[in-house]
Every structure is written in C-alpha cells, then in structure tokens.
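Report on the structure given below.
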Amino acid sequence: MRNVHLLGVSALALALASPALAQVKPAPADNTAIEEIVVTATKREQTLQDVPISVAVTGQQTIERAQVRDLIDLQSVVPSLKVSQFNATGQTNFVIRGFGNGNGNDGIESSVGVFIDGVYRSRSAAALDDLPEVERIEVLRGPQSTLFGKNVSAGAISIVTKRPQFEAGGKIEATVGNYNTRQIKGTFTGPLSDTLAVRLSGSLNKRDGFFTNLTTGNDVNDRDRWSVRGDVLWEPTDKTSVRIIADYNKISETCCAVASIFNGPATLAIGGVLKKPIGDPTKVFERNVIFNTDPSNDLSGKGVSGQVDHDLGFAKLTSITAYRNQKNASFQDVDFTGADIANNSTANNIKTFTQELRLASSGEGPLNWLIGGFYQHEKLDTGRTIKYGTDIRAFAETLSGPVPAALLGALPAALRPALTGKSNLYALEFLQSLATPTLVKPGSTYFQAGQGIDDYYSMKQTSYSLFGQADYKVTDKLTLTGGLAYLNDDKKARSNVVLTDPFSSLNLAAVPQFPALGLPGNLYQALGGLQFFYGNAPTHGPVNFPNATESGQLKANKVTYAVRAAYDFGAINAYVSYSTGWKAGAFNLSSDSRPPNAAGVGRTANPEDVNVYEAGLKASFPGGYANVAVFKQSIKGFQSNAFTGIGYSLVNAGEESVKGFEVDSAWRPTGWLNLTAAVTYLDPKYDSFTGAACVNYDTTRCPVNPATGLRPNFRDLTGDTPAGIPKWSFSTSATVNHDFGGDYQGYARVEYDYVSKTQLTETVAPNLSSYDQNVVNASLGVTNTAHQIEVMLWARNLTKDDSLISAFPTVAQDGSYSGYPNAPRTYGVTVRKSF
C-alpha cells in the first residue's frame, strides 16, 4: 500500500508542479500511479518523500502558471525563502530560515549558495528570464557543505534547465501586460547527429517603470533585459555524456526606486530652506519618487561551462568546469530628493573560475557513497565614486546652524560684522582664513561641488573544499548517513581610497589655526555630524591596505560534518539529523572599514560557524502528502552588514539562533482539484550581539555626544529579536482543472501568500519599518493538447497589497528614513506554443 501511496503522491506532485524537481520514470499502470517523480536534492535519485532532508521544489508548470519571473517571485511559493533586491539590479539578497547576507558589500559572500546547472554563481542577479526552459528549482534548507562546495552555510538554491533533446522540438512564449509589459521567450532543441544534440534559447523582456520620478517625469523600476543561451549535449557512448553551455545576458534598466517614509530635520530643511522637492511620507504607495536625476543600472554577464559524466561501472564520475565574467555599473542620486546634494557611481567586475569533481557509487548494496572536490578562483574589482552636487554647500550651511550670539560677543569687535548672520560652517572657514589665508577661503573651501570620495578595492580569492557523504542501510527500514567536508579559503584584498572632501579630513577636536587666534581648538567639534566620511576615525581619512601592520589577507579553513538517521515506517518516513556549516571571513570593502583597534567598524569579519539540529516526518496518504521539519539553528559569528546612512557596518554577532518548523503539503481530494499549503514558523534571537551598529532612533543606547555631534559606534542587541525575520510565513494555492473535450482543457489557479508583521531592519525604527504581506496571485488558462497551445490570463498582487521590501536610514540626512516599496498589481496574457 505504501508504494501505491507514494506513486499517487508523485503523480499529484507532477500535477501540482510545485515539487517537480524531478526526473520522470514510467510506473506500473494505476489510476493514480501514472508516473513516478524522482528528486535529486542529495545528488542521488530518490523519491520526494524518501529524501531525508528539508527541501522545497518548484517545477516548470508552477513557474509558468504562477508567473515566477525571477528568484524574487520564487519566495511566494517557498515561504522559508526570502529574496530582496535593493538599490541596484544586481544587488540581490537570499535568506533561508532567517539566515543570509552579502547584499550591498562585495567583500561579503552570501550564506546561501546559488547553483545553475551545477555551476556556482558567486554573485548572482535575480533574473530567471535568461533561463527560458527551467525544468526545476530546489531550495535546500540548512547547511549543505557535504554535498556542495561553497557558501552553503544557510542553504542552497539549485536551478536546473532542460537538457538538449535528440528529438526536435521547442517552445515559444509571448506575454503582454499592464505597464506596457512585452516579453518573448523561446527555445529550440534537436539532434545534429545520432550522438550530438543542441538547445538554443533566448529571451527579451521590456516593461515601463512601476514608479514615476516627479522631478524628471520619467519612469523608474522599468525592465529592459535580454539573453541568449546555447546548450550542446554530446553522448559518444551510453556511458559518457558531455554538456557545454554558453550564455550572455544584458540588463539596462532605470532602477531602483526609493520612497521617503519619514522626513527628519535635515530632509525638511531641503524642502523648507533650500526650496527643493522632497518625498511625501504620507504617499509612499502612490509610487512617485523624487530624484534630481534618474538612476541607471547596466549589468552584463557571460559564461561558459562544461559538464562531463562517465559511468565507471562501480561509480559515476562527474566533472563541472566553468568560467564567468560579470560587470555591473550603476548611477544614483543618493540623497533621494530634488536637491543636487550627492550622486553615487558604482561599478564592479567579477571574474570567476570554478571546477568540481564528484565520484558517486552506483552499486546496489547497502552502502552508497559520494566524494568530491571543489575549487574556485575569483578576481573582483569594485568601488564607488561619491561626488557632492551644486546644492551641497547650502545644505551643509543650513545644518551647521547660525553663529550663536555668545560666540559673536566673544570675538573682537572688528570681526563681528563679517560673521553676523552667517552659518557656523562659514565662521569656521573665516576664522581659519585669518591664520592661513592661502589655504582656506571663506565660502569656497568646504562642501564644494565635485568633492567627495573615490572608494575602490580589488580582491583575489582562492578557495577549495573536499567533501564526502555515505549512506548505509542497517536494515530495510533504517539508514544511517554521515558526511564530512574540509573547506579552505584565502582572500587577498587591496584598497585605493582617496578622500576629496576636506571637511571630513579636518580634525575638529584640534583645528590647527585656532590656537594662534587664541581660540580653543575644539570650538567647532560639534559639527562632527557633518563629517560624512571618517568622522569617527582617528586619522580622519582612509588608511589604505596592505600596509606595515595589515597584510590584506584572510586565510582560514574548517572541517564541517553532518550525521543523520532515517527510518521508514511505511506511509511515514522519519529522520533526525545534526549538521554544521561554515562561511569564510569577509572584507568590508567600503569607506566604513577601519584598521584593527581603531574607532569605527572593523576592516574584516571573522568566519561564521553554523550548527543545526533537525527532525522531520514525511507522511504519504492517498492523494496527498504532508512533510514536517522541526529545527534549531544557530550561527556563531554571524556577519552582520547593516547600512548606517553612509556605508556598511560589518561586524560579527556573537551568536544568533532560530527555532522553528516547516510544513509542506499537497492534497487532491478529487480529480479536478489540487490544493497545496506550506507554512514556516521562525523564533529568532540574538544570543549575543554587543557590536551592533548605533542608530538615530535608539536614543537610550546611542545618545548623541553634544560636544562632538557623534553617537557611539556600537550598541548591545543581546536578547533582542533580529529584524527581517518574519515569525510566520504561509503560502497556499488551489488549482481547478476541467476537461472541455475535443483536446481542450482549462485551469484556474489562485495563490495566497502571507507574511506576518515584521520589523524589516534594525537600523530603522519599528514603527516605520514593520509590515506584513497579504498577496493574492491568480491565473486562468486554456490548453489545446493537439496543437500544444496554451493561453493564460494572469495577475500578481491582485488585491494591491502595499508593503515595503526593506528600509534604511536616508543617506546623509540623520533622522530621516527611506524604503523600497513592493511591486504594484500586474496582469497580462501569455501565449505558449510548443512544437
């Protein structure tokens, strides 16, 4: 009976297409056992219900009918996965079970590894559009280092595309929708000979922006991307196959929109004193933005990979070799107002070579094993140039305030007229000019257009790992598993930072000209809040590395392991496991980094150590299944990377942990109705975090020093709940199928996604950054099997749910906050033709 149940579950999984990370094999004839689904989550063929790990799988049909256009959309069907895109198209952050980082700072690698056809993507943009024929996507939860070679301490995302076929065929798909959406995707496959097959694919995706820049009148957050892909499969013998993939993708978009969610004194001064447009926090979801210039993002990626599989009889040998080159350039008005205060140009170029070798046993005995090795060499060049604009001087003078009467009264009578009605910034320059007239000129020394910072870095990384895993069937019911991995990582970084902002370079605690005038050197120390770069650094400027005391190298290694016991009770499979994970140390490649033991955040972060206790049940019943996993996961040395308003504060948390459970289920009560439900519950906690970045709103732990105008660098979050981790995430769907006869079938699918109210980030007050999500997606389609045509009407965010994706302190406007609104309702029609 159990086998019938499993086969019924597998057929249901195919029909629902949510757990379709699978290969299809013929099964015995049965009204529910049409075909068996075999998953490869552990790099071995097992049924979805037999695989003893927590894995969520999404198949091609769900991807198409749920309009999962990129990895950001994927989270709607996998509640334990959170994906966010922030200030640039290529800045994408993946989080599994509340853990993940790496966004915004190229020196930090993600805790969630992304693999496309077995190739590790070290810095992956979110697009799925350049992969027209996705066969399956699997999300593996928890550490996976005994099966994958790199940066999988929180989990892994594996995307598998369809292989070339030896029978000619293909598919073309066209979509039109609101916001002038125009998308076309196509793939063709067929044989070139008896042993050689090819697949050629391409996509073009264009759309107007979801937002309007009221300053320029242009759209923001549009879509303009295309891709091409060639895939060749050579099978010279029945034991050997070679697959070569080459791809190129190009993105050129006006991205990304930022809305004002709270205007503090600095932002209000821009609107009131400078008379420049500013955002209206009461109209966040009208999706209008205020930039003095439109943002731009240009990203291109190209790569080639080769996979060789050879059957040695006793084992299967697999080799995957890949090279990838990705370039990204962006420009943005970083003050997010109509004033010309500051603009940021960023760019990076990442060249990555990877090599993986695996040997997997193919015997029929009680012991199955897999051993492998992974090597990566990466060269990264990254940086930014921030330049002040034409309104920076007026902005700085306004923030500095007028010269107080007490100071005017203390000055010689001859000087008072020159400073009456002037700002403190002007007075500082004027007083300095009395002693050094050739160096400082009142009104034209500090905060001039074109000043700022050139903040550039390079890094070379070499890493490798050796890994293995073995399964031993003690009895027909009990299987014991053990895995071991050795990971080694070596990073060498170099900085080239040039500060061109003379005010940030000034030591306000001891202005050199003041003693000669009989004035205290710290007279204007309270202006420290206007030192946007290195204000809290002893040198008041960059200390480039390597240098005499800093090698610019991070080198470390770690042994991780996993143990598991699985028992087959019949209709229920159960497992318990303990696993560890590791992610190497990171460089803070931003102007916030400081030499060791200096004030400010660190130059580097130490590695992360992960451990997970997990227990799971996978139950099968006629027409459905229910899988439950309960876990306790902790990370020692979590690499926190908080944006503080100028740059990133990279520090290690002592320990962060999360307890929770996951449920994945599907049920087909009748032949025409398919139901799915998935829920994730997370209870996170900072067990120890004494070095969290200080923030404006936390006046108790981060009071401003009135003498310097600065806050402490750190605060203690020990015992607090980490932000950005929702307690509840829930996704459910219902699909109704109907056979109209005459080769026509129809379906209607509705999906509901819920995320409980969550503080999005620790650097923004909870009352400004806490949102829930209640999103409804739907599709309605008709297919004709004889002509292989499908027409589908679809809508995402059907009920126009409004929420923020994330929030952050507004750049250089202390006390103001900005956020990224979610996408509005989108709808359209898609036509697919297979042949």
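Points to keep in mind about this one:
- Residues that are more than 22 Å from residue 757 (Cβ to Cβ), part of a strand (DSSP E or B) and among the acidic types (Asp, Glu) do occur in region 687-694, at least one of them.
- Per-region count, region 225-236, residues surrounded by fewer than 18 Cβ atoms within 10 Å (Cβ to Cβ) and of a type outside the set (A, V, I, L, M, F, W, C): 3
- In this structure, residue 454 qualifies as assigned to a strand (DSSP E or B) and either touching a residue at least 40 places away in the same chain (Cβ under 8 Å) or of a type in the set (Val, Ile, Thr) (or both).
- Identity of the residue in region 145-200, without any contact (Cβ under 8 Å) to a residue 24 or more places away in the chain, closer than 19 Å to residue 229 by Cβ and in a loop (DSSP other than H, G, I, E, B), that ends up farthest from the chain's Cα centre (by Cα): 192
- Any hit, region 205-218, residues being part of a strand (DSSP E or B), touching a residue at least 40 places away in the same chain (Cβ under 8 Å) and more than 27 Å from the chain's Cα centre (by Cα): no
- For region 392-426, the set of residues classified as farther than 19 Å from residue 275 by Cβ, without any contact (Cβ under 8 Å) to a residue 60 or more places away in the chain, open to solvent by less than 40 Å² (accessible area, probe 1.4 Å) and under 48 Å from the mean Cα position of the chain (by Cα) consists of 403 only.
- None of 769, 729, 756 is surrounded by fewer than 18 Cβ atoms within 10 Å (Cβ to Cβ) and not acidic (Asp, Glu) except 756.
- Qualifying residue in region 610-632 (condition: β-branched (Val, Ile, Thr) and open to solvent by 40 Å² or more (accessible area, probe 1.4 Å)): yes
- Of all residues in region 495-525 being part of a helix (DSSP H, G or I) and open to solvent by less than 60 Å² (accessible area, probe 1.4 Å), the one that is farthest from residue 441 (Cα to Cα): 525
The rows are residues; the columns are (1) open to solvent by less than 40 Å² (accessible area, probe 1.4 Å); (2) within 28 Å of residue 804 (Cα to Cα); (3) at pLDDT 95 or above.
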residue	(1), (2), (3)
261	yes, yes, yes
276	no, yes, yes
303	yes, no, no
323	no, no, yes
337	yes, yes, yes
342	yes, yes, yes
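- Among residues of region 727-743 that are more than 27 Å from residue 758 (Cα to Cα), those with a Cβ under 8 angstrom from a residue that is part of a loop (DSSP other than H, G, I, E, B) and not small (Gly, Ala, Ser), sequence gap 6+ or separate chain, pair up as 736/672; 737/672; 738/672; 743/785; 743/787.
- Enumeration of residues in region 530-541 that are of a type outside the set (S, T, N, Q), out of contact with any Phe, Trp or Tyr (no Cβ under 7 Å at 6 or more places or on another chain) and crowded, with 18+ Cβ neighbours inside 10 Å: 532, 533, 534, 535, 537
- Inside region 278-301, residues that are in contact (Cβ under 8 Å) with a residue 24 or more places away in the chain, open to solvent by less than 50 Å² (accessible area, probe 1.4 Å) and not in a strand (DSSP E or B) make up a count of 10.
- From 383, 365, residue being of a type outside the set (D, E, K, R), assigned to a loop (DSSP other than H, G, I, E, B) and out of contact with any Pro (no Cβ under 7 Å at 6 or more places or on another chain): 365
- Identity of the residue in region 459-493, open to solvent by 40 Å² or more (accessible area, probe 1.4 Å) and among the hydroxyl-bearing types (Ser, Thr, Tyr), that ends up nearest to residue 547 (Cα to Cα): 462
- Qualifying positions in region 553-581 - open to solvent by less than 20 Å² (accessible area, probe 1.4 Å) and of a type in the set (Phe, Trp, Tyr): 575
- Residues in region 263-274 that are open to solvent by less than 30 Å² (accessible area, probe 1.4 Å), out of contact with any Lys or Arg (no Cβ under 8 Å at 6 or more places or on another chain) and either under 21 Å from residue 803 (Cα atoms) or not hydroxyl-bearing (Ser, Thr, Tyr) (or both): 263, 264, 266, 269, 271, 274.
- When the strands (runs of 3 or more DSSP E) confined to region 612-685 are screened for residues that are under 19 Å from residue 731 (Cβ atoms) and touching a Leu at 6+ places or on another chain (Cβ under 9 Å), those reaching at least 2 such residues are found at 624-636, 655-670.
- Of the residues screened, residue 199 is one that is open to solvent by less than 20 Å² (accessible area, probe 1.4 Å) and among the basic types (Lys, Arg).
- If you go through region 676-695 and keep only what is open to solvent by 50 Å² or more (accessible area, probe 1.4 Å) and either at pLDDT below 90 or more than 23 Å from the chain's Cα centre (by Cα) (or both), you end up with 687, 690.
- Filter result (at positive phi and surrounded by 15 or more Cβ atoms within 10 Å (Cβ to Cβ)) within region 436-458: 443, 447, 452
- Take the conditions (1) among the aliphatic types (A, V, I, L, M); (2) over 30 Å from residue 660 (Cβ atoms); (3) part of a loop (DSSP other than H, G, I, E, B); residue 780 misses just one of them, which is (3).
- Each residue in region 349-381 was checked for being open to solvent by 20 Å² or more (accessible area, probe 1.4 Å) and farther than 23 Å from residue 472 by Cβ, and 9 pass.
- Hits in region 593-609 - residues which are surrounded by 18 or more Cβ atoms within 10 Å (Cβ to Cβ) and under 21 Å from the mean Cα position of the chain (by Cα): 604, 605, 607, 608, 609
- Pairs linking a residue in region 477-503 that is within 26 Å of residue 606 (Cα to Cα) to a residue that is of a type in the set (Lys, Arg) and open to solvent by 30 Å² or more (accessible area, probe 1.4 Å), with Cβ atoms under 7 Å and 6 or more positions apart or on different chains, are 487/558; 490/555; 492/460.
- Here residue 549 clears all of (1) exposed (fewer than 15 other Cβ atoms within 10 Å of the Cβ); (2) in a helix (DSSP H, G or I) except the condition numbered (2).
- Answer residue from region 642-664, given it is of a type in the set (S, T, N, Q) and open to solvent by less than 30 Å² (accessible area, probe 1.4 Å) and is nearest to residue 581 (Cα to Cα) among those: 657
The values are calculated or read from the model by the stated rules, or taken from the named source; none is laboratory data. Computed from a predicted model, the values in this text were never measured in an experiment. Cβ atoms come from the backbone with ideal geometry, glycine included; neighbour counts cover every protein chain shown. Accessible surface areas use protein heavy atoms only, side chains included; no ligands, DNA or RNA. Shrake-Rupley method; radii C 1.70, N 1.55, O 1.52, S 1.80 Å.
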